[in-house]
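Here the structure comes first, spelled out in structure tokens, and everything after it is commentary.
The values are calculated or read from the model by the stated rules, or taken from the named source; none is laboratory data. These numbers were taken from a predicted model, which means no experiment stands behind them. When we count neighbours, we look across all protein chains shown, and the Cβ atoms used for this are built from the backbone with ideal geometry, even at glycine. Ligands, DNA and RNA are excluded from the accessible area calculation, which covers all protein heavy atoms including side chains. Shrake-Rupley method; radii C 1.70, N 1.55, O 1.52, S 1.80 Å.
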Amino acid sequence: MSRLVACVALLCLSPAGAALAQSFPSKPIRVVIPFVAGGSSDIVGRAIASKFQEFLGQPGVVENRPGANGSIAAEFVAKAEPDGHTILVGSIGVFSINAALFKDLRYQPRDFAPITLAVTTPNVLVTRPDFGASSMKELVEFAKKNPGRLSYCSSGTGSSDHLTGELLKQSAGIFAVHVPYRGGAACQTDLMGSQVDISFQNLGAVTNYIRAGRMKALAVTASSRHAQVPDVATTTEAGFPQLVVTSWQAVAAPAKTPREVVAKLNDAAVRTLRSPDIRERMNQIGFDVVASTPEEFGKFMQDEVERWTKVVERGAIKPE
């Protein structure tokens with residue numbers, strides 16, 4: 001930031017916001033996770049919280065509040081005191097898909113002050129090992145020649161992998177039977193056991209299965225090839241650029257949190273994510289570090305809500 005921009009930013013601070021920013025944080029920061037320990041949101045949240053003491057002078061205290069597709073935690077944070085001491089680390093589902101899927105949701109994306117888009121990972125289109133198609137083109141041809149025979153599993157109705165499969169159906173003009181599971185592990189097990197045909201899974205979750213030949217990868221939902229599976233084509237290369245889809249984790253605070261406090265939280269989160277040890281940890285589980293500005297994440301979240309709302313409406317998808 002140039003001296004001029006820095007000076008203008010300082011002059012624009014509101015007195016109340018400036019005072020709060022000077023004293024923030026005055027106590028430990030509660031990092032609320034919408035899912036059980038061990039999942040992606042939990043891993044990312046704990047990584048970010050681990051360096052709050054170093055970068056902010058107060059520890060980050062992780063609190064898991066699972067339930068209702070992440071809505072319990074999201075509503076809790078949305079209604080928390082907007083002083084920066086309670087933040088949410090959540091997924092694509094919490095920040096965008098829930099708003100597209102549930103009409104009676106007790107929070108909305110607008111109830112949050114974006115802090116940063118933390119990490120992303122593409123999905124990968126995988127098939128049972130004995131499936132005949134070896135490319136997206138062959139898969140689409142199979143589906144069109146055999147209407148009603150293609151099945152795809154997901155970790156649950158309204159999940160990222162479910163809606164990516166729905167987007168494939170809408171983009172390619174094909175039909176496939178959706179088989180929802182309670183979690184990605186069960187879906188992956190039945191895919192490898194040839195109980196279902198295909199699935200869109202987070203790349204990091206299935207890379208080892210692909211390498212071991214227990215799943216066959218047809219395409220990565222990205223615009224460029226991924227270092228973990230460099231021999232696998234992208235959906236863009238396959239002629240489906242609309243299927244560039246990432247699963248992601250992000251950080252937000254209650255909507256009325258002063259922007260000066262948001263700036264401090266963003267700085268701490270970005271410095272944490274870009275530190276060599278945390279970046280390496282994220283890469284090992286298949287995540288690419290983004291560490292965006294609050295403005296970039298806000299725009300991204302809005303675009304994602306609009307995108308998945310269209311997919312849900314076109315597919316007439318109803319929550320279970």
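Any chance region 235-244 includes a residue that's out of contact with any helix residue (DSSP H, G or I) (no Cβ under 9 Å at 6 or more places or on another chain) and under 15 Å from C153 (Cα atoms)?
No, region 235-244 contains no residue that is out of contact with any helix residue (DSSP H, G or I) (no Cβ under 9 Å at 6 or more places or on another chain) and under 15 Å from C153 (Cα atoms).
Which members of region 264-320 meet the condition of being within 16 Å of S41 (Cα to Cα) and polar (S, T, N, Q)?
Answer for region 264-320, where residues must be within 16 Å of S41 (Cα to Cα) and polar (S, T, N, Q): T272, N283, Q284.
Quick check, is D277 within 26 Å of D83 (Cβ to Cβ) and more than 17 Å from the chain's Cα centre (by Cα)?
No.
Give the number of residues within region 85-134 that are within 25 Å of A269 (Cβ to Cβ), open to solvent by 10 Å² or more (accessible area, probe 1.4 Å) and without any contact (Cβ under 8 Å) to a residue 40 or more places away in the chain.
Number of matching residues: 1.
Kindly indicate whether Q249 is crowded, with 22+ Cβ neighbours inside 10 Å, touching a strand residue (DSSP E or B) at 6+ places or on another chain (Cβ under 9 Å), of a type outside the set (D, E, K, R) and at pLDDT 95 or above.
Against the criterion (crowded, with 22+ Cβ neighbours inside 10 Å, touching a strand residue (DSSP E or B) at 6+ places or on another chain (Cβ under 9 Å), of a type outside the set (D, E, K, R) and at pLDDT 95 or above), Q249 qualifies.
What are the pairs with Cβ atoms under 8 angstrom where one residue, in region 287-304, is hydrophobic (A, V, I, L, M, F, W, C) and the other, located anywhere, is modelled with pLDDT of 95 or more and open to solvent by 60 Å² or more (accessible area, probe 1.4 Å)? Sequence gap at least six, or different chains.
Close Cβ pairs (under 8 Å, with a partner that is modelled with pLDDT of 95 or more and open to solvent by 60 Å² or more (accessible area, probe 1.4 Å)) amount to V289/R274; V289/R279; A291/R274.
Filter region 115-143 down to the residues that are of a type outside the set (A, V, I, L, M, F, W, C) and within 14 Å of the chain's Cα centre (by Cα), then identify the one that is nearest to K299 (Cα to Cα).
This residue is T116.
Residues being more than 30 Å from K79 (Cβ to Cβ) and touching a residue at least 12 places away in the same chain (Cβ under 8 Å): count how many of those fall in region 226-273.
So in region 226-273, the residues more than 30 Å from K79 (Cβ to Cβ) come out as 226-245.
Checking which are touching a residue at least 12 places away in the same chain (Cβ under 8 Å) leaves us with 226, 228-229, 232-245.
Here the count works out to 17.
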